[in-house]
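This report concerns only the one structure given below.
The values are calculated or read from the model by the stated rules, or taken from the named source; none is laboratory data. Quick caveat: nothing in here was measured; it's all calculated off a predicted structure. Every residue, glycine among them, receives a Cβ derived from its backbone with ideal geometry; neighbour counts consider all protein chains shown. Remember, those area values only see protein heavy atoms, side chains included, never the ligands or the DNA or RNA. Shrake-Rupley method; radii C 1.70, N 1.55, O 1.52, S 1.80 Å.
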Amino acid sequence: MKIEESTLDSIRSRPRFKMYTDISPQQYTAYLRNFLGENSDEFSGVINSETAIITVKTTENDYWKPNLALRAESEDGENITTVRGIFGPSSAVWTFFMFTYFVLSILWMVFITIWFVERQIGSDDFPWALTASFITVFLLALTYLASLFGQRKARTEMQKLRSFAERSVIKIEEINA
């Protein structure tokens, strides 16, 4: 088994990694179902033919609870399967953050355009536009910091999920050896 992770992968809002193995994606899915069943006291999840969503069972169910999405893909012409893992929050939290980024980005573009056009035509009708664009950039940075806070809060669960993914591939390779 080989694992890849770059520096960029660790600073993304949804960290990711890749694992390579020599079993087929179908075998991986079948073994992953069994592995999840063996570890059902600590993990829960949904596994279908294309993806698996795994979570850590905890007593509290807060907004920062991470999910691990696993996708097994075969490389063309090779007997290598790539297992891609992507960490992320629940779909409701992810949608909220993406909606917030979208709205704030649009507002920033509107405010900076108003300020720029006002400067070009020599008008002073919108003196608040530059200040509003700075406030919008500050709110964007605050949103990003909130996502980093959520990642830090969920770090132990993310490490458990990462360990689960690695152990599943190692166990599968041991069975096939």
Quiz item: Taking the Cα-to-Cβ direction at residue 73 and at residue 24 and moving 7 Å from each Cα, how far apart do the two end points lie in nm?
Solution: 2.0 nm
Quiz item: Sorting 142, 104 by accessible area (1.4 Å probe), largest first, what list results?
Solution: 142, 104
Practice problem: Please give the contour-minus-distance gain from residue 163 to residue 59: 0.36 nm per residue of separation, less the Cα-Cα distance, rounded to one decimal in nm. | Solution: 35.4 nm
Practice problem: Find the accessible area per residue for segment 38-177; the probe is 1.4 Å, ligands and nucleic acids are left out, and the unit is Å². | Solution: 63 Å²
Self-check item: Exposure of residue 128 as accessible area (Å², to 10), given a probe of 1.4 Å and all protein chains
Solution: 120 Å²
Quiz item: Between 46, 56, 117, which gets the highest mean-square fluctuation from a Gaussian network model of the chain, Cα cutoff 10 Å?
Solution: 117
Self-check item: Filtered GluC sites (Glu not before Pro), segment 40-111: DSSP coil and at most 13 other beta carbons within 10 Å
Solution: 42, 50, 60, 75, 78
Exercise. May I ask you to compute the full-extension gain from residue 99 to residue 118, defined as 0.36 nm times their residue separation minus their alpha-carbon distance, rounded to one decimal in nm?
Key: 4.0 nm
Self-check item: R0 of 45 Å, Cβ-Cβ distance residue 130-residue 80: FRET efficiency to nearest 0.05
Solution: 0.25
Quiz item: Fully extended, how many nm does the chain gain between residue 50 and residue 143 (0.36 nm per residue separation, minus their Cα-Cα distance)?
Solution: 30.3 nm
Quiz item: What value, in deg cm²/dmol to 500, does the helix sum -39500 (n - 2.57) over DSSP H runs of n ≥ 4 give at 222 nm once divided by the residues of the chain?
Solution: -19000 deg cm²/dmol
Self-check item: Mean separation of Cα contacts under 8 Å, 6 or more apart, over the residue count of the chain: relative contact order %
Solution: 23 percent
Exercise. Could you tell me what percent of the accessible area of the chain is made up of carbon and sulfur, with a 1.4 Å probe and every protein chain present?
Key: 60 percent
Quiz item: Among the lysines, which have Cα under 17 Å from the Cα of residue 65 when same-chain residues fewer than 8 positions away are ignored?
Solution: 57, 153, 160
Quiz item: Taking N as the number of residues in the chain, what is its alpha-carbon radius of gyration divided by 2.2 N^0.38 Å?
Solution: 1.39
Quiz item: Ordering 23, 135, 80, 121 by how much accessible area each has at a 1.4 Å probe, largest first, what is the list?
Solution: 121, 135, 80, 23
